[in-house]
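Taking it in order: structure first as structure tokens, then the write-up.
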Amino acid sequence: MTAPPDTAGPADHHKQRHRRSVRVSAGAVIAILTAVLGFAIVTQVRANSRSDNLSNLREDDLIGILDNQDARADRLRQQIADLQATLRRLQDSGDRNAAAQQQAEQEAEALSVLLGTAPATGPGVVVTITDPQGKLGAEDLLDVVEELRGAGAEAIQFGSARVSTTTAFTDANGPVAVDGVDQSAPYHVIAIGDAKTLDTALNIPGGVASVVRSDGGQLTVSERASVTVSATRSIPAPKYATPSPH
Amino acid sequence: MIAAFALIAGVVAGLIFRPTVPNWLEPYLPIAVVAALDAVFGGLRARLDGVFDAKVFVISFVSNVLVAALIVYLGDKLGVGSQLSTAVVVVLGIRIFGNAAAIRRHVFRA
């Protein structure tokens with residue numbers, strides 16, 4: 001790479017001019033090539049650093065990726081089907097559970113009315129018993145309740161006490177007490193049931209109405225389209241008995 | 001000197017024009033770049049050795065690029081494209097390292 005000497009003959013001068021033009025053109029080619037190289041490097045680096053890496057991959061790799069994706073999609077579809085089946089199963093059992101629960105709730109409501117733990121309303125009678133001579137005992141009043149129950153009364157309230165399976169009528173201390181609460185005449189009894197049947201049962205000849213009358217009192221029955229038994233009682237927890245398996 | 005300026009000019013042009021690689025060129029461009037780099041390092045070494053010849057450089061540059069592209073093309077046709085690309089890159093990398101070592105000896109005398 002020595003610079004050509006300026007002190008050269010005409011023949012040499014011509015030759016050197018030729019060599020110089022060759023060198024210049026060679027330098028131009030080299031410059032073009034290296035410029036293209038720089039351009040290509042930048043282009044490739046930019047292409048490689050794009051977020052879309054798939055565009056740089058070869059066909060084989062793309063096919064492999066595609067296969068993987070297909071397999072994955074199949075697996076996921078299978079999972080979806082499984083989960084949907086599970087969902088259906090759970091919904092079915094949920095529906096069944098809901099139906100069973102609804103039925104159980106209805107039964108519980110019916111039982112609570114019969115047991116006297118819930119207030120009840122419906123057609124029935126209001127019975128008023130007067131006892132001016134104080135002759136009526138616990139037994140007579142119990143007869144009234146028995147008669148009502150025998151006639152199909154579903155909920156009975158005696159005074160302020162709800163009448164149930166364990167209700168006791170006592171008169172050992174003088175006045176009649178229901179479940180330990182003293183009652184005084186006139187006695188009011190509310191019963192839910194078929195009003196006409198209840199009325200008939202109380203006024204049957206030789207029945208409780210005539211007993212009350214013979215003791216100097218008066219038993220009046222008024223049939224109502226709707227009466228409300230508002231008194232409730234709590235269920236005593238069984239101490240000894242437990243439900244036996246079927 | 002011209003080559004270095006031209007290289008920088010090429011880089012600047014690439015940055016300015018933001019070209020996208022055409023599809024048919026995509027598999028060849030990286031290999032061609034590595035092959036060209038090998039030629040450039042070889043030319044630099046030759047220059048430092050005092051045996052640089054412009055004709056040799058131009059021919060080795062072009063032939064390097066063409067041969068590299070041809071190998072990739074053949075590899076793709078034979079179904080071993082990625083392996084052959086790796087092989088080309090490895091061989092060219094070894095050559096570049098050898099040239100770089102020679103250049104280093106010239107520059108740092110070590």
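State all residues of segment B:18-44 that are out of contact with any helix residue (DSSP H, G or I) (no Cβ under 8 Å at 6 or more places or on another chain) and either in a helix (DSSP H, G or I) or in contact (Cβ under 8 Å) with a residue 24 or more places away in the chain (or both); if no residue qualifies, say none. Even if it seems obvious, please write down each step before you answer.
Going through segment B:18-44, the residues out of contact with any helix residue (DSSP H, G or I) (no Cβ under 8 Å at 6 or more places or on another chain) turn out to be B:22-25.
If the condition is that a residue be out of contact with any helix residue (DSSP H, G or I) (no Cβ under 8 Å at 6 or more places or on another chain) and either in a helix (DSSP H, G or I) or in contact (Cβ under 8 Å) with a residue 24 or more places away in the chain (or both), then B:ASN23, B:TRP24, B:LEU25 are the ones that fit.
Here are A:ALA209, A:ALA237: which of them is more than 36 Å from the chain's Cα centre (by Cα) and of a type in the set (A, V, I, L, M)?
Values: A:ALA237 fails: more than 36 Å from the chain's Cα centre (by Cα).
One residue alone meets the criteria, A:ALA209.
Can you name the residue in segment A:130-148 that is touching a strand residue (DSSP E or B) at 6+ places or on another chain (Cβ under 7 Å) and in a helix (DSSP H, G or I) and, of all such residues, is farthest from A:ASP179 (Cα to Cα)?
Only one residue fits best here, namely A:LEU148.
Which one is nearest to the chain's Cα centre (by Cα), of the residues in segment A:55-108 that are part of a helix (DSSP H, G or I), modelled with pLDDT under 90 and closer than 30 Å to B:PRO30 by Cβ?
Here the residue is A:LEU62.
Of (1) over 22 Å from A:ILE63 (Cα atoms); (2) surrounded by 14 or more Cβ atoms within 10 Å (Cβ to Cβ); (3) not hydrophobic (A, V, I, L, M, F, W, C), B:GLY50 satisfies all except one. Which?
In the conditions (1) over 22 Å from A:ILE63 (Cα atoms); (2) surrounded by 14 or more Cβ atoms within 10 Å (Cβ to Cβ); (3) not hydrophobic (A, V, I, L, M, F, W, C), B:GLY50 misses (2) alone.
Taking the conditions exactly as written (in contact (Cβ under 8 Å) with a residue 60 or more places away in the chain, assigned by TED's automatic domain parsing to the domain that holds A:THR121 and surrounded by 15 or more Cβ atoms within 10 Å (Cβ to Cβ)), does A:VAL178 satisfy them or not?
On the way: in contact (Cβ under 8 Å) with a residue 60 or more places away in the chain: no; assigned by TED's automatic domain parsing to the domain that holds A:THR121: yes; surrounded by 15 or more Cβ atoms within 10 Å (Cβ to Cβ): yes.
No.
Within segment B:21-47, restricting attention to residues that are over 14 Å from A:LEU37 (Cβ atoms) and facing another protein chain (nearest Cβ under 7 Å), which residue is surrounded by the most Cβ atoms within 10 Å (Cβ to Cβ)?
Per the stated criteria, the residue is B:PRO27.
Can you tell me which residue is farthest from A:ALA108 (Cα to Cα) among those in segment A:196-246 that are aliphatic (A, V, I, L, M) and exposed (fewer than 10 other Cβ atoms within 10 Å of the Cβ)?
Restricting to residues being aliphatic (A, V, I, L, M) and exposed (fewer than 10 other Cβ atoms within 10 Å of the Cβ), the top hit is A:ALA225.
Tell me whether segment B:17-32 contains one or more residues that are more than 25 Å from B:SER85 (Cα to Cα) and over 12 Å from the mean Cα position of the chain (by Cα).
Looking only at segment B:17-32, we keep the residues that are more than 25 Å from B:SER85 (Cα to Cα), and these are B:17-18.
Then drop every residue that is not over 12 Å from the mean Cα position of the chain (by Cα), which leaves B:17-18.
Yes.
The values are calculated or read from the model by the stated rules, or taken from the named source; none is laboratory data. These numbers come from a predicted model, not from an experiment. Glycine also receives a Cβ, built like all others from the backbone with ideal geometry; neighbour counts cover every protein chain displayed.
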